[in-house]
Amino acid sequence: MALKANAIAPTYLHRSFFTPQAPSLPPIKRYHRYNTHIRLRCRSSLVDEQQKEVVSFSEPENSLIEALIGVQGRGRAVSSQQLSNVERAVSVLEGLEGVRDPTNSSLIEGRWQLVFTTRPGTASIIQAAASVKDGKRILFQFDKAAFSFKFLPFKVPYPVPFRLLGDEAKGWLDTTYLSPSGNLRISRGNKGTTFVLQKQTEARQNLLLAISAGKRVEEAIDKLVSEYRNENKFQQELLEGDWNMLWSSQMETDSWIENAANGLMGMQIIKNGQMKFRVDMLLGMRFSMTGTFVKSADDTYDVSMDDAAIIGGPFGYPVEMESRFKLQLLYNDGKIRITRGYNNILFVHLRVGEPQQV
């Protein structure tokens, strides 16, 4: 059985992990390249909720962060265009001079959050014994593992006897870029996997991570809205484009068509003062509901949806439905939009394409 190297990230690293056991060694020798050993306990969790430092990036680093906005599940849901943008930004950073000999630098210390990988795996906790080979490469051997499932209050042991697998349980991880700030790291594994990790993630990233984990989403929304409103960093207009619904504060009901009509699923398209809810159905059919919106306050719109139909090819079957509500724009940066809409429900939308004709 072949093991994927991506299973060892994210990690918590500390300089003491690289320190030989002999206490008499002077500090200058604590990073011996061949006989020091570390143990990496790897977890899939959100970054420390108590972090309050301002997160800043260089221009090339920010290009990577922007490319990652909208990539869901640490890479589980990524379009070909998004993947191309991420790979291009990674290549640019790897071509720049980051921290030399990153595994020998104190900047590699700390808790690292995995934000993207080219081989997203299961949510598991894996422990590995590791050693530093040189300034960029860490050698490791899997030791213990467990699966973590949302619906279980305990972890399920990984049914693989790592010690019997020999070389199959071994691998290496190269740090190809470590930012001078010590906040961004790019690594590549022996299976060809690319990892992007951060010590601190910005408010938008924290929201997407919370949605992916299905936990504390409204808390992440409150922090993002509060932070960006204070700095006036958001657009106060409904921007045109295709907006895919990522999350809502209300569970879907048993009525599929009611969910579609209330915007609880599918796509929202905004163009020329019109709004359309579009939900793809089976066999090439789709539900469509079109209406208009008028700005009634600085951040509020009156929305009237009254033209509904089930469409198949060139044919459409009208559906008698009407919905009127106020839509409050809480946050909008052109990629992520947070609104409070029908029945006071919170929505998080992601802009996924160029504006289409309504």
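The values are calculated or read from the model by the stated rules, or taken from the named source; none is laboratory data. Because the structure is predicted, anything quoted here is derived from the model rather than measured. Note: ideal-geometry Cβ built from the backbone for every residue, glycine included; neighbour counts use all protein chains shown. Surface areas here come from the heavy atoms of the whole protein model, side chains and all, with no ligands, DNA or RNA. Shrake-Rupley method; radii C 1.70, N 1.55, O 1.52, S 1.80 Å.
Structure summary
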item: Long pairs among Lys223/Lys326; Lys136/Lys199; Lys215/Lys276; Lys133/Lys170, criterion Cα-Cα beyond 20 Å; result: Lys223/Lys326; Lys215/Lys276
item: Contour excess over end-to-end distance, with Cα ends at Val319 and Ala77 and 0.36 nm allotted per residue; result: 83.9 nm
item: Cut-off under 5 Å, modelled amide H: who pairs with Trp112 long-range; result: Thr11, Tyr12, Leu13
item: Principal axes of the stretch 234-352: Cα extent on each, largest first, Å; result: 39, 26, 25
item: Exposure of Thr194 as accessible area (Å², to 10), given a probe of 1.4 Å and all protein chains; result: 10
item: Distance between the stretch 181-209 and the stretch 264-300 - C-alpha centres, whole angstrom; result: 34
item: Probe 1.4 Å - accessible area at Thr253, Å² to nearest ten; result: 50
item: Debye intensity ratio I(q)/I(0), log10, the stretch 267-317, q values 0.21, 0.25 Å⁻¹ (C-alpha model); result: -0.75, -0.93
item: Peptides 203-211, 65-73, 244-252 ordered by average Cβ neighbours within 10 Å, highest first; result: 203-211, 65-73, 244-252
